[in-house]
1. Only residues that are modelled with pLDDT under 90, hydrophobic (A, V, I, L, M, F, W, C) and under 20 Å from GLY15 (Cβ atoms): list them for region 75-121, please.
2. Under the condition of being more than 18 Å from TYR127 (Cα to Cα) and of a type in the set (A, V, I, L, M), which residue from region 70-97 is surrounded by the most Cβ atoms within 10 Å (Cβ to Cβ)?
3. Of the conditions (1) in contact with a Phe, Trp or Tyr (Cβ under 8 Å, 6 or more places away or on another chain); (2) under 29 Å from VAL174 (Cβ atoms); (3) surrounded by fewer than 18 Cβ atoms within 10 Å (Cβ to Cβ), GLY133 fails just one. Which one is it?
4. Assuming ALA57 fulfils every condition listed in (1) of a type in the set (A, V, I, L, M, F, W, C); (2) surrounded by 21 or more Cβ atoms within 10 Å (Cβ to Cβ); (3) over 24 Å from LEU181 (Cβ atoms) apart from one, which condition is it?
5. I want to confirm something. Restricting to region 138-150 and keeping residues that are of a type in the set (A, V, I, L, M) and under 22 Å from LEU124 (Cβ atoms), which single residue is surrounded by the most Cβ atoms within 10 Å (Cβ to Cβ)?
6. Examine region 155-162 for a residue that is under 15 Å from ILE16 (Cα atoms) and in contact with a Phe, Trp or Tyr (Cβ under 6 Å, 6 or more places away or on another chain), and state whether such a residue exists.
7. Could you please tell me which pairs satisfy a Cβ distance under 8 Å, a separation of 6+ or placement on different chains, a first residue in region 153-176 that is over 18 Å from ILE193 (Cβ atoms) and charged (D, E, K, R), and a second residue that is part of a helix (DSSP H, G or I) and at pLDDT 95 or above?
Amino acid sequence: MKEDNIVKTGTTTVGIMCKDGIIIAADKRTTLGGGYIINKETEKIAVITDNILVTTAGNASDAQLLVKLLQSELQIKKMRKGYEIKVKEAANLLARMVYQNVRNFSVIPGITQFILAGKDGEGLHMYDIFADGTITLADKYLASGSGSIVGAYPILDSVYKKDMKIEEGMKLAVKAVNAALQRDPASGDGIDIYTVTKDGVKKVLTKELETKLTI
């Protein structure tokens, strides 16, 4: 299969650490190769447990499979251990899956990247799981996908404040994703925002962009 025929969530996803929680945001566009838009309502944030979620970027089929495997593995571990898995354990498990996936020979390269965030008994945590299986703990902010460099990171770098609250973080996430939408053709069509707080994971906003012209 040609590279141009691979379905991609060519993406802008953002994670922001706030004083009272974590903001996770993503756009809603899925493309075929680098140009043709095949879905304008894609959910790129997946809830793994009541307390853990991930964003997805890269090849859609690989990302979806890894999310399903992670959900299943965490359910099995919870049943065996009798308690909720720590966020760090979930992040390490997903990183191993990504590492194995990208190194398995395939005519379609399995390139994926995730931001994993959650809460456990030790507090709130956010991890970057890069396409090669590298795992990095973040204490400020993260962005991934094709729109991260051209739009999201410049906004995050210039506006982020360490002690910002959830409400401020939401506004910053919208600015960061919107900046990427202006420059990255593979990102667009709307935004989803979730929060991770001491009460767990919650979806707080979903908004589609109106692109129809009327006169």
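1. Passing the criteria: ILE85, ILE111.
2. The residue in question is ILE76.
3. (2)
4. It is condition (3) that ALA57 fails.
5. Top of the filtered list is ALA143.
6. Yes, the conditions are met somewhere in region 155-162.
7. Filtered contacts from region 153-176: LYS161/GLU168.
Each row is one residue, and each column tells you yes or no for (1) under 15 Å from the mean Cα position of the chain (by Cα); (2) farther than 22 Å from TYR141 by Cα.
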residue	(1), (2)
ILE24	yes, no
ASN39	no, yes
GLU89	no, no
GLN113	yes, no
HIS125	yes, no
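The values are calculated or read from the model by the stated rules, or taken from the named source; none is laboratory data. Note that the structure is a prediction, hence the values are computed from the model and not measured. Ideal geometry is used to build each Cβ from the backbone, glycine not excepted, and the neighbour counts take in all protein chains shown.
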